[in-house]
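The values are calculated or read from the model by the stated rules, or taken from the named source; none is laboratory data. This structure is a prediction, so every number in the text was calculated from the model and none was measured. When we count neighbours, we look across all protein chains shown, and the Cβ atoms used for this are built from the backbone with ideal geometry, even at glycine.
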């Protein structure tokens, strides 16, 4: 029996404690939101599938990491086997935004030689009056890091699905370019039994097929 998905992507959520990573994941996977959430201890796991284009379903393995420093040795072990990362900060907490570069730098160092695709998330956009980070400076940081920027609210269910869909689509497009592909010993991307052949052949190098 064929698997119900063509590809599996392993995605990790990164950012300081209390920025709302768990709330984003619960809203995305279960459609639920709670004002009260226990801090993540180590790593929690979620899953959901997306049909990224007609006939192509991608299963997302979603890993919620603890933001506290004392769990860093646990969470860093998950970086290397992830293909996508959501860099999440709290729009009402300036320090969480200032730490994004540190999170990005740390992950990039750990994933080598593999490639990770990022998206920058400004969370809690519903708290307009308490905002401490403005869109223009967040967009500037995203441009510096070479990633997309999306503002989300798990409470209002604003742009939550869109953030995950955009990251998944970016990874999928890089697969079609041949820049990312399943590899033995790496769990970032896995192919299902009914996966399509996406990768450029040796006769057709990636640059001749798309502009990545």
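General remarks:
- Counting only residues that are closer than 30 Å to residue 34 by Cβ and surrounded by 19 or more Cβ atoms within 10 Å (Cβ to Cβ), region 160-184 holds 6 of them.
- If the condition is being part of a helix (DSSP H, G or I) and at pLDDT 95 or above, then region 79-103 contributes 94, 95, 96, 97, 98, 100, 101.
- Counting residues in region 141-153 that are crowded, with 16+ Cβ neighbours inside 10 Å, more than 13 Å from the chain's Cα centre (by Cα) and in a loop (DSSP other than H, G, I, E, B) gives zero.
- The set of residues in region 14-30 that are at negative phi and touching a helix residue (DSSP H, G or I) at 6+ places or on another chain (Cβ under 7 Å) comprises 14, 16, 19, 24, 27, 28.
- Scanning region 106-134 for residues that are free of Cβ contacts under 8 Å to residues at least 12 places away in the same chain, farther than 18 Å from residue 78 by Cβ and part of a loop (DSSP other than H, G, I, E, B) gives a single hit, 134.
- Any pair with Cβ under 8 angstrom, 6 or more apart, that starts in region 21-35 at a residue that is within 10 Å of residue 160 (Cα to Cα) and ends at one that is modelled with pLDDT of 90 or more and in a helix (DSSP H, G or I): 24/160; 24/163; 27/160; 28/160; 28/161; 28/164
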